[in-house]
Amino acid sequence: MQYLALIYAAPNSGPAYGTPEFKTFMDGYFAFTALLKEKGAFVAGDGLKGTDTATSLRLRGGKVETMDGPFAETKEHLGGYYLMEVPDLDTALKYAAMIPSAAFGTIEVRPVMTY
Amino acid sequence: MLQAPDPTQALNLTLRADRGRILAALIARVRDFQLAEEALQDAATSALAHWSRSGIPSRPEAWLIRVAFRKAIDRLRSHSRDSARDTAMTVLAQDEAEEDPMDIPDDRLRLIFTCCHPALEPKSRVALTLRTIAGLTTADIARAFLDTEPTMGQRLSRAKAKIAAAGIPFRIPDPEDWPDRLNSVLTVVYLIYNAGYTSGPTTGQDLCREAIFLARLLTTLAPSDAEVEGCLALLLLTHARADARISPEGLTLPPAQQDRSLWDTHMLTEGLATLDSAMARRNPGPFQIKAAIAALHTAQNGPGWPQIAALYTRLLAFEPTPVIRLNHAVAVSEAGGLGEALIHLADIEPELADYQPFNAAKADLLARSGRAAEAHTAYAKAIALSDSPADIAFLLQRQSLLSH
């Protein structure tokens, strides 16, 4: 089964860029990605640029309405994701708990629909 | 075996004893709660027809499981084919052909872990466990939790749908996850007991019995686990005193003031023996500590408060919650540390200000410190927050004893 792990965190809740803690944090991400690949569970995974770079749109009456900013203004922002191929929810949750941002943000795990 | 007089009665007896086991065997094979329940329902309907015509089989449970497997195959056949369904059908066909279907391994432990999975809402875990393992009807569960039957039915359907859609596995957790996952299971058992206990001595009896049944079942399915035994011991040691917890005048009584002749000594002895067996395994956990505290409350010469306070300190390492801190403070006050206990209460007041037991404990501590006016106010707040008439009667009596 495929699961999408959505990584949410409040801006500036993690270690600051340039500090030794930030390096440890990023190394944690590299190590986690390497582990997923080694286990054959990695499908895709990326970090996203900040919500100040987000553009949202909707189609209403055949017209595209474009807006500056994310879909919802929330305290925690979607900052990245992993798409994993694993046997069940327990395995997906076990991996999700290893995502470095889980220590200060929230990881939402959603099964991917199969058609 | 003894022939039951009529097919309906025989079927009900068989289902009461073996429903959970048959359902677990079905779910293990088809991986689908709904389909498993429907197959068992089909088998039960078929049993009534057959048993009325040809008599009750010598082993009704073996008959029922075999027919339930066959009905599951029928239902799978009518679904669209895929490889998972084909595998399930092959396994079902093999097991259905078994000489004695009751020889197939008991899958109930896996089923319990699925029903109590932390990805489900706590209330749904309780409802699903009662429905699937204990075999209560949706109507029974709705009544116990003051819900309407359709609401409870929807809750159960949502939980079953999430198990299927989210890929919640049907298996025993890995050793490194065992303590946490088992704690989730035992917490469900304890919540069931507590729901029975708080709804009063008559109406709640059934849920208390169901919880003890589940705890006993777990001791047979996971026989060498100290926490499972700790949970059973806790329930037995609490339940043994259930008949004595309300005075003839309708007041809630603390263990030290209860009429010991009303305690169930047989259950008490079993609870203490179960606790001993757990502690001999040298693998302490929160349920064993709570059972040990319950045991100390039954001590012949009154509760051993210094030991109870020490056990609460150990419990805090597992469960650092404000409620445990409250219980710890009460034990400290009983062990002679009234001033220290009041400091602990002040620390947790922001979190527990609207919690009835907090206000009752605070009132008692203030009364014992000679602060009558403050105690009076705290009793009033505790009374306002009480649901049970017995608690209100007890608190009103304590309040009236304050010197002005």
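For this structure, a couple of remarks:
- Filter result for B:Leu326 (modelled with pLDDT of 95 or more, touching a helix residue (DSSP H, G or I) at 6+ places or on another chain (Cβ under 9 Å) and not assigned by TED's automatic domain parsing to the domain that holds B:Leu253): yes
For (1) of a type in the set (S, T, N, Q); (2) more than 17 Å from the chain's Cα centre (by Cα), each residue gets a yes or a no:
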residue: B:Ala84; (1), (2): no, yes
residue: B:Asp95; (1), (2): no, yes
residue: B:Arg125; (1), (2): no, no
residue: B:Thr129; (1), (2): yes, no
residue: B:Thr137; (1), (2): yes, no
residue: B:Ile141; (1), (2): no, no
residue: B:Phe145; (1), (2): no, no
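- Selection from segment B:139-148 of residues that are closer than 23 Å to B:Phe213 by Cβ and surrounded by fewer than 19 Cβ atoms within 10 Å (Cβ to Cβ): B:Ala139, B:Asp140, B:Arg143, B:Phe145, B:Leu146, B:Asp147
- Exclusive hit being closer than 30 Å to B:Pro173 by Cβ and of a type in the set (Asp, Glu), set A:Glu65, A:Glu85, A:Glu73: A:Glu85
- Which listed residue is away from chain A (no Cβ under 14 Å), touching a residue at least 12 places away in the same chain (Cβ under 8 Å) and surrounded by fewer than 17 Cβ atoms within 10 Å (Cβ to Cβ), from B:Arg158, B:Arg131: B:Arg158
- Pick from segment A:1-47, criterion surrounded by 11 or more Cβ atoms within 10 Å (Cβ to Cβ) and polar (S, T, N, Q), ranking: farthest from the chain's Cα centre (by Cα): A:Thr24
- Looking at A:Ala103, A:Ala92, just one residue is in contact (Cβ under 8 Å) with a residue 24 or more places away in the chain, of a type in the set (Gly, Ala, Ser) and out of contact with any Cys (no Cβ under 6 Å at 6 or more places or on another chain), and that residue is A:Ala92.
- Looking across segment B:168-184, the residues that are within 12 Å of another protein chain (Cβ to nearest Cβ) and in a loop (DSSP other than H, G, I, E, B) come down to B:Ile168, B:Pro169, B:Phe170, B:Arg171, B:Ile172, B:Pro173, B:Asp174, B:Glu176, B:Asp177.
Quick grid of which residues meet (1) at pLDDT 90 or above; (2) surrounded by fewer than 19 Cβ atoms within 10 Å (Cβ to Cβ):
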| site | (1), (2) |
| --- | --- |
| B:Ala215 | yes, no |
| B:Ala222 | yes, yes |
| B:Leu236 | yes, no |
| B:Pro248 | no, yes |
| B:Pro255 | no, yes |
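- Test: residue in segment B:296-303 that is in a helix (DSSP H, G or I), under 27 Å from B:Ile172 (Cβ atoms) and under 23 Å from the mean Cα position of the chain (by Cα): no
The values are calculated or read from the model by the stated rules, or taken from the named source; none is laboratory data. Everything numeric in this text was worked out from a predicted model, so none of it was measured. Cβ atoms come from the backbone with ideal geometry, glycine included; neighbour counts cover every protein chain shown.
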